[in-house]
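Remarks on the structure that follows.
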Amino acid sequence: MFGSIKSVTDDIIILENASGKVETTLIGVHIVFEEKYKIVCEITAISRDSIECIMVGEFIDNIFSSGLIHKPTHTSKVRIVNREEVISLVGSQNIDTPTDLYLGKSLIYDGFNVSANIDNLFSNHFAIIGNTGSGKSCSVARIFQNLFYRKENIPYNANIVLFDVYGEYHNALDRINQTKYCRCKNITTDIKNIRDDVVKIPPYYLEADDIALLLNADTPAQMPLIEKALKYVYLFTEEEDKVLDFKNNIIAKAILDILTGGKASTQIRDQVTAVLSTFYTKDINLESKIVQPGYVRTLRQCLNVDQTGKINTIQLVIEFLENYISEENVFDRNMKPTKYTLRDLYNAFEFALISEGVLKSDKVYDINNILKVRLDSIANGDYGYYFEVDEYITKEDYIKKMFTSAKGEKTQIVNFNLNYVDERFAKTLTKIYSKLFFDYAISLESRGGYPLQLMLEEAHRYVQNDNDINVIGYNIFDRITKEGRKYGVVLGLITQRPSELSNTALSQCSNYLVLRMFHPEDLKIIKSITHSIAASDVEKLKTLRPGVALCFGNAFNIPVFTKIDKPDPTPNSSNAHIGTQWFRKAESKIKDINQN
Ligand SMILES: Nc1ncnc2c1ncn2[C@@H]1O[C@H](COP(=O)(O)OP(=O)(O)OP(=O)(O)O)[C@@H](O)[C@H]1O
Ligand SMILES: [Mg+2]
């Protein structure tokens with residue numbers, strides 16, 4: 001059926017259609033132009049007169065190599081790829097090898113399996129993209145089932161973290177626990193759940209950036225207060241004697257600021273009384289004695305406003321406080337608490353707020369006070385539970401414990417169920433955990449010594465151009481996409497809106513599984529990711545069935561349409577059954593209404 005070459009332009013070849021038949025089943029099939037070199041092309045269009053194909057690579061010693069060096073000539077013999085060549089294109093046919101991961105069946109080559117190179121797939125960031133209902137969650141579940149249901153080549157040392165926004169993977173991954181060697185652990189945000197572990201983050205792991213995210217800081221102007229609070233938290237975890245001079249110094253300075261701030265006397269009195277009601281030491285408090293020859297008055301009495309509206313004894317208070325000011329009182333590096341609670345941090349925030357400067361300006365106070373209020377509502381609200389950790393645990397032990405089951409077995413998948421917290425908080429938890437993993441990976445002496453794959457459902461919500469960059473100077477996922485690979489921290493981005501992902505994130509992925517998609521903006525993004533996909537293949541994406549993906553990247557030899565097997569069990573992600581719900585018990589109700 002293949003006649004002679006009519007034209008060759010760039011990477012497109014037009015052949016004569018010798019049969020004159022329009023055999024559409026050949027679209028997507030590969031043909032070989034054989035002469036000195038074996039040049040591989042994919043058929044992209046057929047008419048009665050001609051067959052159009054696009055050059056994709058060459059077979060060198062029967063191994064496929066993508067990219068073009070040579071072009072066919074008019075004497076090349078044209079034929080459809082043979083069985084060995086198909087395998088070379090779609091990957092290993094063996095479903096249990098240490099090098100390849102079985103993904104599903106080829107859509108073009110009937111009866112052939114499609115496999116991805118495990119090393120290339122999981123050592124680089126990858127993306128699973130497709131409209132809602134196209135089969136992303138099912139594909140993720142199936143990939144892990146294929147990986148962990150294996151009998152021979154067991155990925156025992158894998159560390160995979162799944163951030164499950166809708167809590168849909170629990171069932172789908174649970175059967176992994178019935179295998180001999182592999183385990184999946186659920187860590188949930190449902191505090192009433194007694195079956196699974198509940199999220200617990202030691203508050204003393206939180207760094208200034210984490211706290212900024214947790215408290216929804218929206219301007220960099222709030223960072224100094226957070227940093228100061230973190231420093232001051234030391235004062236609330238130590239015996240008072242050890243930190244007395246520091247506390248005295250800070251309280252004395254704060255009150256001196258108020259006393260000399262030029263405010264009205266009654267305002268001064270009220271503010272000082274308020275500060276000293278919350279923060280005091282055995283040396284400085286409202287009942288401290290201020291001694292003068294012949295008089296002993298308490299600090300409170302010294303703040304009295306007389307009939308002329310003045311605080312007559314203000315100078316006495318100033319002199320009293322100046323005794324406690326010491327410029328030498330600076331924190332040294334060792335003054336870090338080993339552990340603290342959110343309540344300690346809250347106290348430190350209050351203390352940081354009254355310290356130098358903040359009380360002088362209402363505006364500055366307001367910007368910063370909001371953080372304190374938010375921290376209070378987290379510490380005292382439902383989310384406070386996630387930060388209640390009494391013992392001290394190192395980050396290394398914390399992460400290793402996460403990947404160990406209750407029975408002490410190695411756990412390969414940790415599934416975070418984030419379904420019980422609001423979207424913003426889920427986002428914060430995901431970022432805090434991801435930063436923790438990333439920092440840990442960086443801290444290891446052997447680079448990539450503890451490889452981690454972080455799977456993000458609804459990745460566009462996390463890896464988007466959000467305000468993080470303005471407040472803390474970076475988005476953790478942008479950082480991981482740029483630097484994570486070197487340290488073995490790899491992202492799996494699952495999203496229905498690639499156009500809403502940050503540009504860095506998507507362009508740093510090495511492999512893509514693209515399911516059905518029809519939004520023009522999203523299709524444009526797919527086209528822009530790679531040159532190796534024919535325009536007709538991009539067009540095909542619009543009509544794919546659920547569970548069929550175009551897989552491409554360095555784990556695949558060619559872009560390949562794959563029918564991914566339905567997972568068993570499936571995630572809890574099916575559509576709501578409106579038909580059943582609407583008409584459930586409706587019949588008897590309608591009967592009742594008609595009878596009355
Ligand atoms: N590989 C598959 N084989 C057969 N059916 C599938 C397959 N994958 C998905 N489906 C069908 O499509 C439905 C939706 O799949 P899934 O929940 O994985 O979509 P999704 O892309 O994750 O959607 P969302 O963006 O809403 O999370 C499934 O309930 C199932 O019926
Ligand atoms: Mg889904």
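No lab work stands behind these numbers, since they all come straight from the coordinates. Quick caveat: nothing in here was measured; it's all calculated off a predicted structure. Note: ideal-geometry Cβ built from the backbone for every residue, glycine included; neighbour counts use all protein chains shown.
Multiplying the residue separation of K410 and Q315 by 0.36 nm and subtracting their alpha-carbon distance yields 27.4 nm. Here the range 117-142 and the range 184-206 have alpha carbon centers that stand 26 Å from each other. The amide H of V56, built 1.01 Å from its N in the peptide plane, has V40, C41, E42 as neighbours under 5 Å, considering only residues 5 or more places off or on other chains. Given their separation in residues at 0.36 nm each and the Cα-Cα distance between them, V373 and E483 gain 36.1 nm when the chain is fully extended.
Ranking A208, V32, L225 by how far each Cα lies toward the positive end of the dipole of the chain (charges on Cβ) leaves V32 at the top. Computed from phi, the 3J(HN,Hα) profile of the range 371-376 under the Karplus parametrisation 6.51, -1.76, 1.60 (θ = phi - 60°) reads 5, 4, 5, 5, 4, 4 Hz, with x in place of Gly and Pro. Basic side chains Lys and Arg get +1 at the Cβ, acidic Asp and Glu get -1 at the Cβ, and with that the dipole of the range 2-81 about its Cα centre reaches some 200 debye.
For E239 and D96, the FRET efficiency from 1/(1 + (r/R0)^6), where r spans their Cβ atoms and R0 equals 56 Å, is about 0.40. Among 114-126, 7-19, 268-280, sorting by the average number of other beta carbon atoms lying within 10 angstrom of each residue, highest first, gives 114-126, 268-280, 7-19.
In this calculation the C-beta distance from D196 to D466 is compared with R0 = 25 Å, giving a FRET efficiency of 0.25.
For the pair D119 and S588, a Förster radius of 56 Å applied to the C-beta separation gives a FRET efficiency near 0.40, rounded to the nearest 0.05. This model, with +1 at the C-beta of Lys and Arg and -1 at the C-beta of Asp and Glu, gives the chain a dipole about its Cα centre of some 1280 debye. Shape summary of the range 208-383, radius of gyration then Dmax from alpha carbon positions: 17.2, 56 Å. Taking a straight Cα-Cα cut-off under 23 Å and skipping sequence neighbours fewer than 8 places away in the same chain, the lysines within cross-link reach of K527 are K136, K482, K540, K542, K563. The slack between N380 and Q301, meaning 0.36 nm per residue of separation minus the straight C-alpha distance, is 24.9 nm.
Under the simplified labelling scheme, the E34-L444 pair shows an inter-label distance of 4.7 nm, with each label point 7 Å from Cα along Cα→Cβ. For a modelled paramagnetic label at K339, 7 Å from Cα along Cα-to-Cβ, the residues of the range 178-214 in reach, with backbone nitrogen under 15 Å, are 200-206. At q = 0.17, 0.26, 0.27 Å⁻¹ the log10 of I(q)/I(0) for the range 2-81 amounts to -0.58, -1.34, -1.43, computed by Debye summation with a single uniform scatterer per C-alpha, solvent ignored.
Of all DSSP-defined beta bridges confined to the chain, some 65% are antiparallel rather than parallel.
The orientation-averaged projection of the convex hull spanning the C-alpha atoms of the chain amounts to 42.1 square nanometres. In this simple spin-label approximation, E500 and L286 carry label points 7 Å from Cα along the Cα→Cβ vector, and these lie 5.1 nm apart. Lysines within cross-link reach of K242: Cα-Cα under 28 Å, excluding same-chain residues under 8 positions apart? In chain and number order, the partners are K228, K231, K253, K282, K289, K336, K339, K372, K395.
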